[in-house]
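Peer 1: This is the structure I have questions about; it appears just below.
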Amino acid sequence: MRLQKNTALALYSVLESAGDPTRHIAAAEIAAKYGVSSHHLAKVLAELARSGIVESVRGAGGGYRFTGNVRRLTLMDIIQMFEDFAPPATQRAGADAMTPVDLALGTVLSEIDETAKATFSSITLATMLRLIERQQASGAVPGPVRAQAPAAAPRGQRPAARKRAG
């Protein structure tokens with residue numbers, strides 16, 4: 001399952017604001033931290049505000065403040081707001097037009113999607129905030145996490161070492 005940019009922005013915004021629910025965070029601050037357009041982010045934040053997950057406060061000292069419950073809200077609750085979980089076109093076309101390979105691949109991909117949905121549904125924002133805190137404390141995360149992570153090395157192999165300049 002690949003998440004759309006709006007979904008990633010929503011997750012970043014919710015986790016940033018949930019980390020300190022008393023603080024109002026400006027859209028421009030979140031946009032700068034994650035290197036995205038503040039105009040685009042404002043649209044995502046407006047949707048989160050309409051749903052009651054964050055509240056918008058105008059004026060000096062304004063911004064967005066988390067209003068949800070970190071122990072009850074899951075990653076899937078956020079993801080569902082921005083993702084379309086309609087079956088792939090190959091499944092909608094009908095079984096008559098599909099080859100056995102289409103059917104087999106469709107089955108595998110559906111199982112992967114269902115596993116991802118179940119995982120996202122089981123992870124609360126409180127769990128994510130603890131994970132973020134642990135990674136920051138260990139120095140494992142030097143900067144903000146980006147939407148596009150590098151591909152993982154095949155199982156049992158180490159990722160290739162980066163060449164150092166100089």
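Peer 1: Go through the residues of the stretch 102-121 one by one and say whether even a single one is without any contact (Cβ under 8 Å) to a residue 40 or more places away in the chain and open to solvent by less than 30 Å² (accessible area, probe 1.4 Å).
Peer 2: If we filter the stretch 102-121 for residues that are without any contact (Cβ under 8 Å) to a residue 40 or more places away in the chain, which is where we start, we get 102-111, 114-115, 118-119.
Subsequent filtering for residues that are open to solvent by less than 30 Å² (accessible area, probe 1.4 Å) retains 106.
Yes, the conditions are met somewhere in the stretch 102-121.
Peer 1: In the stretch 1-32, how many are open to solvent by 60 Å² or more (accessible area, probe 1.4 Å) and hydroxyl-bearing (S, T, Y)?
Peer 2: Residues that pass the stated criteria total 1.
Peer 1: Identify all residues within the stretch 122-134 that are surrounded by 14 or more Cβ atoms within 10 Å (Cβ to Cβ) and more than 17 Å from N69 (Cβ to Cβ); write none if there are none.
Peer 2: Within the stretch 122-134, I132 is the sole residue that qualifies.
Peer 1: Tally the residues that are over 15 Å from I78 (Cα atoms) and either in contact with a strand residue (DSSP E or B) (Cβ under 9 Å, 6 or more places away or on another chain) or surrounded by 13 or more Cβ atoms within 10 Å (Cβ to Cβ) (or both), restricting the search to the stretch 33-54. Give the derivation first.
Peer 2: To start, the set of residues in the stretch 33-54 that are over 15 Å from I78 (Cα atoms) comprises 33-40, 42.
Of the ones still in play, those that are also either in contact with a strand residue (DSSP E or B) (Cβ under 9 Å, 6 or more places away or on another chain) or surrounded by 13 or more Cβ atoms within 10 Å (Cβ to Cβ) (or both) are 33-34, 36, 38, 40, 42.
Of the residues in the stretch 33-54, 6 are over 15 Å from I78 (Cα atoms) and either in contact with a strand residue (DSSP E or B) (Cβ under 9 Å, 6 or more places away or on another chain) or surrounded by 13 or more Cβ atoms within 10 Å (Cβ to Cβ) (or both).
Condition check ((1) within 18 Å of the chain's Cα centre (by Cα); (2) not aromatic (F, W, Y)) across all residues:
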residue	(1), (2)
M1	yes, yes
D20	no, yes
I25	no, yes
R58	no, yes
F66	yes, no
N69	yes, yes
L73	yes, yes
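Peer 1: Would you mind stating whether T99 is modelled with pLDDT of 60 or more and either within 30 Å of V14 (Cβ to Cβ) or open to solvent by less than 60 Å² (accessible area, probe 1.4 Å) (or both)? If you could, list the steps in order and put the result at the bottom.
Peer 2: On the way: modelled with pLDDT of 60 or more: yes; either within 30 Å of V14 (Cβ to Cβ) or open to solvent by less than 60 Å² (accessible area, probe 1.4 Å) (or both): no.
So T99 does not fit the description; no.
The values are calculated or read from the model by the stated rules, or taken from the named source; none is laboratory data. Remember, predicted model here, so these are calculated numbers, not experimental data. Cβ atoms come from the backbone with ideal geometry, glycine included; neighbour counts cover every protein chain shown. Accessible surface is based on the protein model in full, side chains and every heavy atom, while ligands, DNA and RNA are left aside. Shrake-Rupley method; radii C 1.70, N 1.55, O 1.52, S 1.80 Å.
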